[in-house]
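Take a look at the structure below.
Nothing in this text is a laboratory measurement; each read-out follows from the coordinates by a stated rule. On a predicted model such as this, the values are computed, not experimentally measured, just so you know. Note that each Cβ is placed from the backbone with ideal geometry, even for glycine, and that neighbours are counted across all protein chains shown.
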Amino acid sequence: MRLAAAPISWGVCEVPGWGYQLSVARVLEEAARLGLRDIEAGPPGFLPSDARAARDLMQERRMRVIGGFVTATLHRRDDLDRELGGVERQAAWLRDVGADVLVLAAASGRDGYDAPVELEEGEWRTLLAALPRA
């Protein structure tokens, strides 16, 4: 078993208005000081969008990205192709930085996590049919 860090543990989150976002340098330095060498990618924009630059940044600290948490709104038929395209792009970036795990989270389509969404039967069907494509 390996222990990995996640930027969310430092408050780094993709939710708009979440609060103060620590710099990538600080998060990686603190994780390294704790002896953590593996880290989750964090939200888009936390690490450089260029995979080579992200890999170099991690290698400078003798760390590696092991995976990423990827959100996609999968219950809205009209948005599905765009959302799945985003999953594909993030999966390719993760692969290119050397990660081998993608954790897919079906998003509500709203900003934040404090407002629940009740899906209609058709939306559940759309979401479940989208999973094999993700």
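Before anything else, pin down the relative contact order of region 4-133: Cα pairs under 8 Å, at least 6 apart, normalised by residue count, whole percent. Taking the mean separation of contacting Cα pairs over the length of region 4-133, I get 24 percent.
The protection proxy used here, the mean number of other Cβ atoms lying within 10 Å of each residue, ranks peptides 3-9, 28-34, 66-72 as follows, highest first: 66-72, 3-9, 28-34. Pull out a ≥ b ≥ c, the square roots of the eigenvalues of the alpha-carbon gyration tensor of region 4-65, then state rounded if a/c is under 1.5, prolate if not and a/b is larger than b/c, and oblate in the remaining case. The shape class here is oblate.
Look at the Cα gyration tensor of region 4-133: its axes a ≥ b ≥ c give a/c of at least 1.5 with a/b over b/c, and that counts as prolate. Taking GluC sites (Glu not before Pro) across region 73-134, the ones in a DSSP loop with at most 10 further Cβ atoms lying within 10 angstrom of their Cβ are Glu118, Glu120.
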